[in-house]
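One structure is given below, encoded as structure tokens.
The values are calculated or read from the model by the stated rules, or taken from the named source; none is laboratory data. No experiment lies behind these values; they were computed from the predicted model shown. Cβ: placed from backbone, ideal geometry, glycine included. Neighbour counts: every protein chain shown. Ligands, DNA and RNA are stripped out before the accessible areas are found, and what is left, the full protein with its side chains, is counted by its heavy atoms. Shrake-Rupley method; radii C 1.70, N 1.55, O 1.52, S 1.80 Å.
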Amino acid sequence: MRINGAEVVRTVEVRRTLADFIREDAGLTGTHLGCEHGVCGACTVLLDGEPVRSCLLFAVQADGHEITTVEALGTPEHLSPLQQAFRDYHALQCGFCTPGFLMSAHALLRDNPQASDEEILEVLAGHLCRCTGYTSIFDAVRAAAGRPPGPPPAEPWPTPTGAGASSAAPDAAGGTAPTTPEPHAG
Ligand code: FES
Ligand code: FES
């Protein structure tokens, strides 16, 4: 497979996850593993440009495909505009969840540079952060979409509906949408 534009060729067991391949075989540790079952979104990478949960894919499934990880977005010296917005709006504390948020938001803004608040929130709802507060992350992505901070929509976070709404359900990113996160200040 190609990762961030470079060919990476390894022989792996068929059960090796794409996440482990990226981190351990390719040495790209920016992709994080949290839940390892598709809920938290920390392991999100792009597969042929589309966000996927790398913990839910086997490395062999990515054979012949293009993978993009957070390392491709920018460098500590030259952050991408989205990364800079995360810094400016204090959208990270421990940073563990950040690579996943960045990859999903990056894909959203690539396809829709002026994504609406609702579209941003729908993407963010597929990720879990346990220390920053979603308001900051929302403001950062919104800033990257060219809008200043402001109050979120009256219904701030998409609410999963239907059977099994309280548990992980498949989402368009090839992973799962977690239980609706609770926004909080800060
Ligand atoms: S580690 Fe993959 S979704 Fe949590
Ligand atoms: S910044 Fe710590 S989990 Fe999100």
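Quick look at the numbers
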read-out: Of residues in the stretch 126-154 being open to solvent by 60 Å² or more (accessible area, probe 1.4 Å) and at pLDDT 90 or above, the one nearest to ligand 2 (Cβ to nearest atom); value: ARG130
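Each row is one residue, and each column tells you yes or no for (1) farther than 27 Å from ARG147 by Cα; (2) hydrophobic (A, V, I, L, M, F, W, C); (3) within 16 Å of ligand 1 (Cβ to nearest atom).
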{"position": "THR11", "(1), (2), (3)": "yes, no, no"}
{"position": "LEU18", "(1), (2), (3)": "yes, yes, yes"}
{"position": "CYS43", "(1), (2), (3)": "yes, yes, yes"}
{"position": "ALA85", "(1), (2), (3)": "no, yes, no"}
{"position": "HIS90", "(1), (2), (3)": "no, no, no"}
{"position": "GLY95", "(1), (2), (3)": "no, no, yes"}
